[in-house]
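Quick note: the coordinates plus some simple rules give every number you see, no bench work behind them. All of these numbers come straight from a predicted model, not from anything done at the bench. Heads up, the Cβs are rebuilt from the backbone with ideal geometry, glycines too, and the neighbour counts pull from every protein chain shown.
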Amino acid sequence: MPSKKYTHLFFDLDNTIWDFNNNSYNALYLALEKLDLLVLIGSFESFFRIYSEENNKLWDLYRQGLMPKKKLIVDRFESSFERNGTPVMVGGAEINEVYLNEMTNQTKLIHGARKVLDYLHGRYQLAIITNGFREVQYEKIQKSELSKFFTKVFISEEIGAPKPGRKIFEHAVKSMNAPKKSSLMIGDSWEADILGARNFGIDQIYFNPGLSNLATKELKFKASVNNFEKNMPIPPSILPPHRGENESKKINTRIISHLEQLLIIL
Ligand SMILES: [Mg+2]
């Protein structure tokens with residue numbers, strides 16, 4: 001039997017395992033309903049689009065250390081209502097509290113996640129590396145019945161450094177006693193998960209269900225890899241081997257569009 005290349009798998013949580021897009025849509029709807037704000041905003045779809053844009057923009061700043069959490073959680077709601085042209089009497093902090101509470105009740109997972117984790121659990125050491133908030137991420141994991149799969153959960157807020165910074169990857173790999181060459185990061189964020197892990201020096205699998213423009217733009221180099229390509233419904237895009245200080249060290253980047261593809265690769 002060929003020896004396994006990887007022993008330790010590090011998963012991102014939001015939109016890689018836990019269906020953040022759908023869950024946050026539902027949670028925001030329920031939160032606004034509870035606060036009697038739903039009737040004021042017009043189209044919820046359009047409000048949710050605005051909210052998502054504002055939230056992503058502010059999260060980028062937060063990740064770079066340019067925005068404190070306290071401001072992020074208030075501004076994302078207040079600026080969304082402002083952009084939507086809806087004056088509200090309820091403060092952003094209150095909306096945030098109700099929203100986060102609803103978030104932890106949401107348990108929808110990305111298609112195939114449970115099946116894939118069921119298979120990998122016991123065969124590999126599994127851990128989560130996530131940039132979310134501490135008070136929410138643990139509850140999400142617990143209520144979605146994901147705890148049993150993971151040896152450890154690394155949350156940026158606890159470690160004091162978010163992805164794509166090197167520190168959180170280093171901390172996670174060391175805490176798991178994982179050799180870098182046997183470690184693999186799997187995530188849906190090109191910047192946070194893939195470039196982060198790549199810069200740290202471990203292989204990565206880019207989970208991109210939409211095969212978005214970003215992927216095609218960023219993955220400028222394509223190459224084929226023996227069995228992998230044959231078995232994939234969509235040809236994988238592969239970055240050229242990463243050349244670090246050690247020229248002989250190769251770091252691989254692969255792309256998948258369905259989580260079940262991990263069952264072929266791993
Ligand atoms: Mg993610």
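Based on every Cα atom in the stretch 26-75, Rg and the maximum pairwise Cα distance Dmax equal 12.5, 36 Å. Given in Å, the Rg to one decimal and the Dmax to the nearest whole number for the Cα atoms of the stretch 79-170 are 16.8, 53. Under 12 Å of direct C-alpha separation, and excluding same-chain neighbours fewer than eight residues apart, K140 reaches these aspartates and glutamates: D14, D19, E102. Rounded to 0.05, the FRET efficiency of the V90 and E158 pair, given R0 = 35 Å and the Cβ-Cβ distance, is 0.70. With θ taken as phi - 60° and the Karplus curve 6.51 cos²θ - 1.76 cosθ + 1.60 applied, the whole-hertz 3J(HN,Hα) list for the stretch 137-145 is 4, 4, 5, 4, 5, 5, 5, 8, 6 Hz, x standing for glycine and proline. Each residue of the stretch 86-98 was assigned a 3J(HN,Hα) from its phi angle through the Karplus curve 6.51 cos²θ - 1.76 cosθ + 1.60 (θ = phi - 60°); the sequence is 10, x, 10, 8, 8, x, x, 5, 5, 4, 4, 5, 5 Hz, with glycine and proline shown as x.
Sorted fewest first by neighbouring Cβ atoms within 10 angstrom, L184, L266 come out as L266, L184.
For L13, the residues whose amide H sits under 5 Å from its own are I129, N131, ignoring neighbours fewer than 5 places away on the same chain, with H placed 1.01 Å from N.
Distance cut-off 18 Å, Cα to Cα: go down the list K4/K180; K71/K143; K69/K143 and report the pairs above it. Distance filter (> 18 Å) returns K71/K143; K69/K143. For the stretch 21-103, the relative contact order works out to 41 percent when only alpha carbon pairs closer than 8 Å and six or more residues apart are counted. Ranking of W59, W190 by neighbouring Cβ atoms within 10 Å, starting from the fewest: W59, W190.
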